[in-house]
1. Can you tell me which residue in the stretch 158-181 is nearest to Ile215 (Cα to Cα), limited to those that are among the small types (Gly, Ala, Ser) and buried (at least 19 other Cβ atoms within 10 Å of the Cβ)?
2. Identify the residue in the stretch 45-56 that is free of Cβ contacts under 8 Å to residues at least 40 places away in the same chain and of a type outside the set (Asp, Glu) and, among all such residues, is nearest to Val110 (Cα to Cα).
3. Scan Ser387, Ser382 and give me the residue that is within 16 Å of the ligand (Cβ to nearest atom) and farther than 20 Å from Asp46 by Cβ.
4. Determine whether the stretch 303-316 contains at least one residue that is assigned to a loop (DSSP other than H, G, I, E, B), more than 23 Å from the chain's Cα centre (by Cα) and of a type in the set (Phe, Trp, Tyr).
5. Taking the stretch 13-45 as the region of interest, how many residues are touching an Asp or Glu at 6+ places or on another chain (Cβ under 7 Å), closer than 24 Å to Leu416 by Cβ and more than 12 Å from the ligand (Cβ to nearest atom)?
6. Can you pull out the residues in the stretch 154-166 that are closer than 13 Å to Cys195 by Cβ and either modelled with pLDDT under 95 or near the ligand (Cβ under 7 Å from one of its atoms) (or both)?
7. Scanning the stretch 112-146 for residues that are away from the ligand (no atom under 13 Å from the Cβ) and either assigned to a loop (DSSP other than H, G, I, E, B) or not assigned by TED's automatic domain parsing to the domain that holds Gly99 (or both), which turns out nearest to the chain's Cα centre (by Cα)?
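The values are calculated or read from the model by the stated rules, or taken from the named source; none is laboratory data. Fair warning: this is a prediction, and the values are worked out from it, not measured in the lab. Don't worry about glycine lacking a Cβ; one is built from the backbone with ideal geometry, like all the others, and counts go over all protein chains shown.
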Amino acid sequence: MCKYLVSGPSTLYGEVKISPAKNSVLTIICASILLAGEVLIKDCPDILDVRVMCEILKSIGATTLWTKEGLTVNTKNIFTTILPKQKTAKIRASFFMVGPMLARFKTVTVSKPGGCKIGERPLDIHLDGLKKLGASIKENEEEYLITANLLKGAKITLRYPSVGATENLILASVFAKGETNLINVAKEPEVVDLCNYLNACGAKIKGIGSQNLTILGVESLCKSISYTPIPDRIETGTFLLLSYLLDSNVQITNINLQNIYDLTKKINNITCKNSGIYVKIYSDKLYIRSKGEKYSLGDFTTSPYPGFATDLHPIMSAVGLGVRGQTKITETVFDSRFMYLKEFAKMGAKFSLNGNTVTIFGKGENIHGAHLVCPDLRGGASLVVASLSAQGDSVIEKVAYIMRGYSQFDKKLQSLGAKIKLIDGDYIDD
Ligand code: EPZ
C-alpha cells in the first residue's frame, strides 16, 4: 500500500496547472453511453476513479484508450446491461450510469454503490426520479434491477439538490418521450459542464445553471465528439489554500475563476492584517504570495453550490491548524465527514466537535508530524496540507484514496518545492 513521506514546514514556489474536474469527467464518461460512439475527453486526469469507471465500461463491451490528448471512450459495442458488482461497489459515480443505460437499453442491473465513507448517502432521490420517468425498480440486498420500456418526460421536484441525482435524471431524460422538467436541481459547475457537453452532442437542455432544467427528448446524439471538461475547482481550492497556509510564491494556471472567486476574496480580505498576503487574479490563472503570520479565514458552512464546497471542508480545517485564531466549519451536506479529525489529533491539534460543527483552535499548539492514515479522498488531502505545514516528518498511509481524485498530487507538490515523496508502492495501486 503506497504511502507519502512528508516533511514540514515546506515553502512553495513556482507554477501548477489544474487538471480537468474529476466530478465532470466521471459523469461525462457515464454520458458517453448515450452516444453509442466515441468521445475524446481532452487532458483527462489519470486518477483512480477514472480508471475504475473505464474498467466498468470495458467489462460491458466499451473500449477506452489513453493518448497524449486525453482519454477516448467508445461505447458502440456495449453487449450487456449487467454492471460488474465488484467494480461498481467501489465507486459512487458508477450509479450515474443507470440513467444513460436505461435511456439506451431500457434496462440495467447495478450494485448498491460504494465510494468514500462520508455518510449514509442514500439513493432515494435518484430512484424516485427514475420512477417518475417510468422506470420500475426491483432490489435485493446487493443490487438493483431497473427497467423502463418507455421513459416519458415528467415534472420532477428533487427534495434536495443532489448532484448525482440531478446528473442521473438529466441523463435518463435525454431520449425520454416529450419534455422533462427537473426542479430544485444541483447547480454545481460540474452539472453545468455535463449539460453543456450533452447539448454539444445534440441534446436539448434549457435553464443550464439555474435550479430548474427543461430537457426535451431527442432521438439520438452525435456519434463522436471531443470535449475539454472544466478545471477542477476542488483541486484549485486545495492548491490555493495550501499556498495561503505555507510561505509561497505560486501561480495556479488553468482555473475557472468564477468557481473559486469567494475563496480568493476571503484570502484578499486578510491582507489588512498581513500585507505579506497578496492574491492577483486573472481570467484563467491566479498568483498568490503568502508570507509571515497567517490568520484564520473565518467561519464556513458547507452547502450546495454556490455555497462553500463540502469537498473543501477538510482542507479548510487543515488550514485552520496552522493559522492564528479559530476556524469554525459546519458541515451540512454529508453526515460524517469528520474522520480526518482523529488523524489531526495525532499531530497535536486542538479542536472541538459539536454536532456537525468543528472548531479548530489554530497555532496555539505546535502541530507536529505523525504517522497518519487517509480516511477518504478529501480527508486524505487535508492530511497532506496539515503535514506540509507541521513541524517534522509525517508518514501518510492509504494515499490511494487521494489518487482517486488528484492526479499526480505529489509530483505537482514536488514541482512547487514541497517536501513530499511517494514510498512503498507504485502510482495508483489501491
Ligand atoms: C457528488 O456526490 C460528488 N461526487 C461529491 O464529491 C460531492 O461531495 C457531492 O456531489 C456534493 O457536492 C461526484 O460527483 C462523483 P449528493 P453525490 O447526491 O452526488 C444526500 C469528492 O470528494 N442524498 O449531492 O453523491 C447525500 O446523502 C466527492 O469529489 C440523499 O439523501 O452527492 C448527501 O448527504 C465526495 N439521497 C447529500 O444528499 C439521494 O438520493 C449530497 O449528496 C442522493 C443524495
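1. Per the criteria, the residue is Ser173.
2. Out of the qualifying residues, it is Cys54.
3. Answer to the selection: Ser382.
4. No - not one qualifying residue is present in the stretch 303-316.
5. The qualifying residues number 3.
6. Within the stretch 154-166, Val163 is the sole residue that qualifies.
7. Checking each candidate, the answer is Glu142.
Residue by residue, here is whether (1) part of a loop (DSSP other than H, G, I, E, B); (2) under 17 Å from Ser173 (Cβ atoms) holds:
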{"residue": "Cys195", "(1), (2)": "no, yes"}
{"residue": "Ser220", "(1), (2)": "yes, yes"}
{"residue": "Ser226", "(1), (2)": "no, no"}
{"residue": "Pro229", "(1), (2)": "yes, no"}
